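Quick notes on the structure that follows.
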Amino acid sequence: MDLFEAIRTRRSIRKFHPDRVPDDDVRQILEAARLAPSSSNLQPWRFIVIRDRECILSLAKAVNDVFDQRIVANPEEERRLVESNVRFFSTHFGEAPLVIVALVQGQLKGDPAELIVEPADLQSVAAAVQNLLLAATALGYGTCWMTGPIETARTEIETILGIERSWVPMALIPVGRIAYHPRPRPCKSLAEIAVFVGPSLAEEETEGE
């Protein structure tokens, strides 16, 4: 698939077929992430590639359990309803045959030691994740860039995966064959997001006529 077609057709997918993702495709997806640009070429990323079904279900259960605790503990009916409604958007990765957790390297500073993630490193890993998503799309897979599971149950996820202290989970990405194609989401126009310093695109086209 052409790069620009992958960019245009990529969607956040939340329903997957259970088919195994072949090794060669996994390697290509990770290779795309590996080749991403990074600040000072530090490459401050690591990826945990999870194919074990029990491990994926354990992660989903950990997130579900935190939602259960929040719902029971919250005295406000409206807030309990909100938690119930958003639960799916943090737990649907449990359906996927492959889950990739992207980590960013932190730095221990201060006394007591405090783990700091530099903004440049966070941006670098984000670039690697975007490469990963586009590569998966080009190979015919669906993905979803998920931060909800980590925001909800970071400690539990770190424990299940045995993540070292100096690494911070940044995103969780389910990968699999698409079981449901969502409609395209609206995007802002170029005019709404771009400011031109110098001739605009329209002016340049006019000058060239």
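Worth a mention:
- Exposure proxy for F4, F88: other Cβ atoms within 10 Å of each Cβ, ordered fewest to most, give F4, F88.
- Taking other C-beta atoms within 10 Å as the exposure proxy, E83, E118, E31 rank E31, E118, E83 from fewest upward.
- With the helix formula -39500 (n - 2.57) applied to DSSP H stretches of n ≥ 4, the chain reaches a computed 222 nm mean residue ellipticity of -14500 deg cm²/dmol.
- Mean separation of Cα contacts under 8 Å (6+ apart) over length of the stretch 3-207, as relative contact order %: 34
- In the chain, the longest principal axis of the Cα atoms and the axis of helix 53-73 are about 80 degrees apart.
- In the list [x] 24.0, 88; [y] 19.9, 67; [z] 16.7, 50, the label attached to Rg and Dmax of the Cα atoms in Å as derived from the coordinates here is [y].
- Note on L57 and L35: with the Förster distance fixed at 45 Å, the Cβ-Cβ geometry gives a FRET efficiency of about 0.90.
- Each peptide in 175-183, 147-155 gets a packing score, the mean of other Cβ atoms within 10 Å over its residues, and the list from highest to lowest is 147-155, 175-183.
A short reminder: the numbers here are calculations on the coordinates, not readings from a lab. What you see is a predicted model, and the numbers here were worked out from it, not measured in a lab. All Cβ positions, even for glycine, are placed from backbone atoms using ideal geometry, and neighbour counts span all protein chains on display.
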